[in-house]
Amino acid sequence: MSRKILIYGGTGGIGSEIGRLLQGQGDEVYLVGRHTDKAPDLVSMDRVHFISGDVTSEGVFDQVMEEVGSELNGLVYAVGSINLGSLRRLGAEDFARDFQLNAMAAALAVKAALTPMKKGGEGGAIVLFSSVAAIQGFPMHASVGMAKGAVAGLTLALAAELAPRIRVNAIAPSLTRTPLAQSLLSNEEAAEALAAQHPLNRLGLPEDIAHLAVFLLSPEAGWMSGQIVSADGGRSSLQTGR
Ligand SMILES: NC(=O)c1ccc[n+]([C@@H]2O[C@H](COP(=O)([O-])OP(=O)(O)OC[C@H]3O[C@@H](n4cnc5c(N)ncnc54)[C@H](OP(=O)(O)O)[C@@H]3O)[C@@H](O)[C@H]2O)c1
């Protein structure tokens with residue numbers, strides 16, 4: 001049965017890959033981003049709709065839901081930032097901006113979608129994005145680690161509040177080759193050194209993460225809720241001694 005899935009950050013590296021996979025299996029997808037010219041291959045596809053919007057602007061979530069309509073089966077919030085810096089360099093504005101973009105806007109996106117998701121019937125599912133930086137400590141990650149830790153708390157609270165009708169899970173990726181991580185990976189030597197910090201000895205690819213998101217949205221994940229699932233090449237949990 002075709003479902004209707006809304007993806008904030010649907011033009012990004014991970015969000016657009018989730019969109020491609022869902023479209024390929026017959027779902028109708030709504031992709032939200034500020035620039036609709038990203039992910040150009042998706043523009044001409046059947047059952048793909050673009051909505052232009054900035055998640056930090058007032059009223060955006062109600063506008064998005066007006067375009068999506070009165071019923072919705074799934075929501076993905078794949079907007080985020082990697083704003084790295086020492087505590088000495090980070091200011092209140094950095095913390096507030098990262099918290100708003102990663103965590104607060106995710107909560108408001110879910111809030112605006114609640115009635116349509118309840119109308120969407122049984123099996124509604126939400127996927128949020130945390131990070132390896134909320135599970136393991138890294139220097140320079142105070143702001144993003146704090147914001148992504150908030151996403152983990154939000155996931156648990158919403159999963160409890162919306163059970164049994166709507167499942168809520170989050171994915172915690174490590175460094176994945178997307179435009180978001182580009183500044184860290186532009187030098188191939190640095191990218192290789194970062195890849196080597198992962199027990200599986202490579203960086204993530206958008207499809208590594210997207211397949212997991214598609215699973216979490218599916219009925220096959222019907223007994224999973226309130227989980228923060230790591231997709232991180234073993235970085236947060238394995239010590240291989242290499
Ligand atoms: N890539 C990694 O290494 C990594 C690691 C850990 C966690 N994550 C998390 O995974 C999720 C997906 O990240 P990604 O790597 O796919 O990032 P990405 O390629 O940069 O995509 C981000 C998406 O969000 C949209 N976006 C950014 N700011 C927005 C705003 N203010 N309003 C509306 N849309 C906005 C972007 O489109 P526009 O710019 O056109 O708005 C784009 O569609 C994020 O939550 C990220 O924090 C990623």
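When Y30, Y77 are sorted by how many other C-beta atoms sit within 10 angstrom of their C-beta, beginning with the fewest, the order is Y30, Y77. Relative to the current alpha-carbon distance between R165 and W223, full extension at 0.36 nm per residue lengthens the span by 19.7 nm.
Among the GluC sites (Glu not before Pro) found in segment 80-183, those both in a DSSP coil and sparsely packed, with 10 or fewer other Cβ atoms within 10 Å of their Cβ, are E122.
Fully extending the segment from Q25 to L238 would add 73.3 nm, taking 0.36 nm per residue of separation and subtracting the current Cα-Cα distance.
Throughout, read-outs are computed from the coordinates displayed, never taken from laboratory work. This one's a predicted model, so the numbers in the text were calculated from it and none came from an experiment. All Cβ positions, even for glycine, are placed from backbone atoms using ideal geometry, and neighbour counts span all protein chains on display.
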